[in-house]
Amino acid sequence: MRGYQYMKKYRIDKTKNIGNVIFVVEGGRPDTGGTELRLLKKIFTDILEYEVQELRRGSEEFIAHGQHSQFHVFALNLPKNQLTQLTQDSIDKLFARLKEDFHLKPEDCPVFYLYDRDVLSYHRNELRKKYVMKYTDPYGTDDGYQGQLLLSYPAIESYLLSCIIDETVTHSSKLGREAKTLLTNEICPDDCADKTDIHMKTVDLVFSSEISEAGKRLIHSIKEMDNGLETMGLQSYDLDNLAPTLLGVYDYQQQKYDREDVFSLLSLVGMALLELGVITECDEEYPQ
């Protein structure tokens, strides 16, 4: 069991052989992409120095970021935004592009789905059985369902906040726009000179242009995730069997929403970094 508890020490491993990795993410426009796509580019190209191939919603062309002869991350949008559009037919069509353009075998790749727990888009517990309990393993389950669903509560901004603030889980919001406001106030306070198109700049503002500092913020997000899981009583988790943890988080957050009409800010994006081994446990932390 690869178990993790809060206050463990982590380091970044840029030499990790990740092979080909597929992320299917929410958001994105043909002209600008979306926060999730910009985040994956920042993490895997700018910080970890892998190659990212991005396919935006409505676009026919892949956009390349960085260059690596062996290790590639594919960051893809489905034609429609909601998680309920994650059907086998839509995935088959998306993966067909990877086969045609890159001669890739998606069935041999780890697959991660990054989505928001948007309370306005789904009925109560609509996601639990059809998605949270179904997509639990990036390499596929015994039932043949490939891919792991990593939700952000209530939105991806919870992950960005976890890179720069402490005790992220003690904050709460009902809607993604409230988390966005909190993030904006952190990275661009009232005296900030320019808030024009701030949504386009959030990822760059969260991660320093200094790679060593950006790496520290990446590790900080893992510690904040661990802290959040500890708060939920889920501090001992197994990276080889995350299904109980993913469901435990969902049920905890649903119960909190039923009681208080809000979610605790928590994102599970960091699980993908741990599972891929690009962030790993170590005895001592040191500058990246």
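The values are calculated or read from the model by the stated rules, or taken from the named source; none is laboratory data. Because the structure is predicted, anything quoted here is derived from the model rather than measured. Because the Cβ atoms are built from the backbone with ideal geometry, glycine has one as well, and the counts that use them run over all protein chains shown. Just so you know, the surface numbers come from the protein's heavy atoms only, side chains and all, with ligands and any DNA or RNA stripped out. Shrake-Rupley method; radii C 1.70, N 1.55, O 1.52, S 1.80 Å.
Figures for the structure shown
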item	result
Normalised per residue, the volume of the convex hull around the Cα set of the range 21-69 (Å³)	75
Beta bridges by DSSP in the chain, antiparallel share as percent, to the nearest 5	45
Over 28 Å between alpha carbons, listed pairs 93/129; 8/105; 105/134; 129/201; 14/256	8/105; 129/201; 14/256
Cβ-based charge dipole, the chain, positive-most Cα from 149, 69, 47	149
Ranked packing of 90-102, 137-149, most packed first, by mean Cβ within 10 Å	137-149, 90-102
Gap separating the Cα centres of the range 150-172 and the range 217-288, nearest whole Å	10
Correct option for percent of Cα pairs over 26 Å apart [calculated from the coordinates] among (i) 40; (ii) 56; (iii) 43	(i)
Over the chain, relative contact order from alpha-carbon pairs under 8 Å, at least 6 apart, %	27
Relative packing of peptides 120-127, 210-217 - highest average C-beta neighbours within 10 Å first	210-217, 120-127
Extension gain, residue 230 back to residue 280 (0.36 nm per residue minus Cα-Cα distance, nm)	16.1 nm
Residues with amide H under 5 Å from that of residue 282, placed H, sequence gap 5 or more	9, 10, 11
Sulfur and carbon atoms: percent of accessible area, the chain [1.4 Å]	44
Estimated distance in nm for a label pair at residue 107 and residue 87, the labels positioned 7 Å out from Cα along Cα-to-Cβ	2.2
For the chain, calculated [θ]222 nm from helices alone, where every DSSP H run of n ≥ 4 adds -39500 (n - 2.57)	-10500 deg cm²/dmol
DSSP beta bridges in the range 1-143 [antiparallel fraction, %, rounded to 5]	15
Cα-based convex hull, the range 199-288, per residue volume (Å³, whole number)	119
Spatially proximal aspartates and glutamates relative to residue 174 (Cα-Cα < 14 Å; intrachain offsets below 8 disregarded)	116, 118, 157, 258, 260, 261
Inter-label distance, nm, simple model (7 Å from Cα along the C-beta direction), residue 130/residue 49	4.4
Sequence-distant residues sharing a close amide H with residue 237 (under 5 Å, placed H)	4
Distance between modelled label sites at residue 243 and residue 188, nm, 7 Å Cα→Cβ extension	4.4
